[in-house]
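Here the structure is laid out as structure tokens; the discussion comes afterwards.
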Amino acid sequence: KIETGLEGLSNSKELYEFRSSYLEGKKSKISELMKEMRNLAPEERAGYGKSVNELKEWAIDRFSKMEEKMKQLELQRRYESEKIDLTLPADETGIGNLHPITLVRNQLIDIFAGMGFEIYEGAEIENDYYNFTALNTPKDHPARDMQDTFYLSPEFLLRTQTSSGQIHVMESKKPPIKILSPGRVFRSDDDATHSPMFHQMEGLVVDKGITLSDLKGMLDLFVQKIYGEGTVTRLRPSYFPFTEPSVEVDCSCFECGGKGCNLCKGTGWIEILGAGVVNKKVLENCGIDSEEYSGFAFGIGLERTAMLKYGINNIKMLFGSDLRVLKQINEK
Ligand code: PHE
């Protein structure tokens, strides 16, 4: 009976219950057999008891062997059910891409590094002297109003322009100087094309005999590389305290080739950066002889460049985390 019963069992729980019905407690089958003893003649009792005890020993042994077997079986079943199919193709995880500002920054660095510029990364916290005074913008100078400044204290401020880096470089290095300074700048400005934090890239070249035409030649090369061959520049007179003369630089519209379209508002030209010949006063402020040396400087807005290049019309799109926008702008 035990043997046939065992055959019908399929898991440890059933086995445990089956075993209990034979071996555990006063109501178990073996106990019941023992109770039968009182109905026997006294001389038969010893033999009967011995047989029942043997049966019990045998059953205990049989059940423990069966337990062992059942455990093995269950383990095997578990292995089967948890088996991993290593040949299944993996779920696709999207690869991220560089942020548009990073893309533009890298492109510009590539282009200017190719022209021999070195990178100088200045500090975002500056004092009044480096951000304004040394750049020929003393207190009360009306040009300070052009850049609405975040002051941290009467002395310190968040730089409003990467031009502050020019002073540090010229104070610490003798010409020839050829540096490119990318970084964050800050102004209290907030609308569709302005953000309180944005990025600029400053260029500064100081050497003997540097003129505005060197600037123009370099910029022509630059716009061809970034906006495509055939793009040309035009300089318009402007004003910055630290350059004299100062220019606003336009490039021919790369969207319509100069015929006039939405991007260039029908003018055929797009404003891309501010620049000029380094003001002699600025050179002198840094201890550079303005009779012997001259230079040019330019400042490019990276958000503006990215917006032009990728057709983005609101600067906030660059600082939101909308993947629909960010995924589209993806140059490998
Ligand atoms: N610093 C100027 C600005 O932020 C840009 C500039 C840089 C102009 C260098 C001339 C030369 O508007």
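The values are calculated or read from the model by the stated rules, or taken from the named source; none is laboratory data. Treat the numbers as computed from the prediction; the structure is a model and nothing was measured. A quick note on method: Cβ atoms are made from the backbone with ideal geometry, for glycine too, and the neighbour counts reach across all protein chains shown. Surface areas here come from the heavy atoms of the whole protein model, side chains and all, with no ligands, DNA or RNA. Shrake-Rupley method; radii C 1.70, N 1.55, O 1.52, S 1.80 Å.
Quick one: what pairs do we get from the range 287-299, first residue within 16 Å of the ligand (Cβ to nearest atom), second of a type in the set (Ser, Thr, Tyr) and assigned to a strand (DSSP E or B), C-beta under 8 Å, 6+ apart or different chains?
Qualifying pairs under 8 Å: 296/243; 297/243.
Taking the range 16-59 as the region of interest, how many residues are open to solvent by 70 Å² or more (accessible area, probe 1.4 Å), within 21 Å of residue 71 (Cβ to Cβ) and assigned to a helix (DSSP H, G or I)? Talk me through it step by step, then tell me what you get.
Residues of the range 16-59 open to solvent by 70 Å² or more (accessible area, probe 1.4 Å): 16-17, 24, 26-27, 29, 32, 35-36, 38-39, 42-46, 50, 53-54, 56-58.
With within 21 Å of residue 71 (Cβ to Cβ) added as a condition, the list becomes 16-17, 24, 58.
If we keep only those that are assigned to a helix (DSSP H, G or I) as well, we get 16-17, 58.
Matching residues across the range 16-59 total 3.
Within the range 228-332, considering only strands (runs of 3 or more DSSP E) that don't extend past its boundaries, which have at least 3 residues that are acidic (Asp, Glu)? If you could, list the steps in order and put the result at the bottom.
Details: elements: 233-240, 243-252, 269-278, 294-301.
Fully inside the range 228-332 and qualifying: 243-252.
Do we have residue 62 as within 21 Å of residue 15 (Cα to Cα) and assigned to a helix (DSSP H, G or I) here?
Criteria met by residue 62.
At pLDDT below 95, of a type in the set (Asp, Glu) and either more than 17 Å from residue 302 (Cα to Cα) or touching a Cys at 6+ places or on another chain (Cβ under 8 Å) (or both): which single residue out of 171, 244, 229 fits that description?
229
Read through the list (1) within 16 Å of the ligand (Cβ to nearest atom); (2) farther than 29 Å from residue 120 by Cα, then give the number of the only condition that residue 259 fails.
(1)
Take the residues in the range 97-132 that are open to solvent by 60 Å² or more (accessible area, probe 1.4 Å) and farther than 18 Å from residue 300 by Cα; name whichever of them is modelled with the lowest pLDDT.
98
Here is a list of conditions, (1) open to solvent by 50 Å² or more (accessible area, probe 1.4 Å); (2) away from the ligand (no atom under 11 Å from the Cβ); (3) under 22 Å from residue 280 (Cβ atoms), and residue 189 meets all of them except one; can you say which number that is?
(3)
Within the range 143-152, is even one residue modelled with pLDDT of 90 or more and either in a helix (DSSP H, G or I) or open to solvent by less than 10 Å² (accessible area, probe 1.4 Å) (or both)? Steps first, answer last, please.
Here is the first cut: in the range 143-152, the ones modelled with pLDDT of 90 or more are 149-152.
So of that shortlist, the ones also either in a helix (DSSP H, G or I) or open to solvent by less than 10 Å² (accessible area, probe 1.4 Å) (or both) come out as none.
Looking through the range 143-152, none of the residues is modelled with pLDDT of 90 or more and either in a helix (DSSP H, G or I) or open to solvent by less than 10 Å² (accessible area, probe 1.4 Å) (or both).
Among the residues of the range 271-286, write down those that are surrounded by fewer than 21 Cβ atoms within 10 Å (Cβ to Cβ) and near the ligand (Cβ under 10 Å from one of its atoms).
Selection gives 277 alone.
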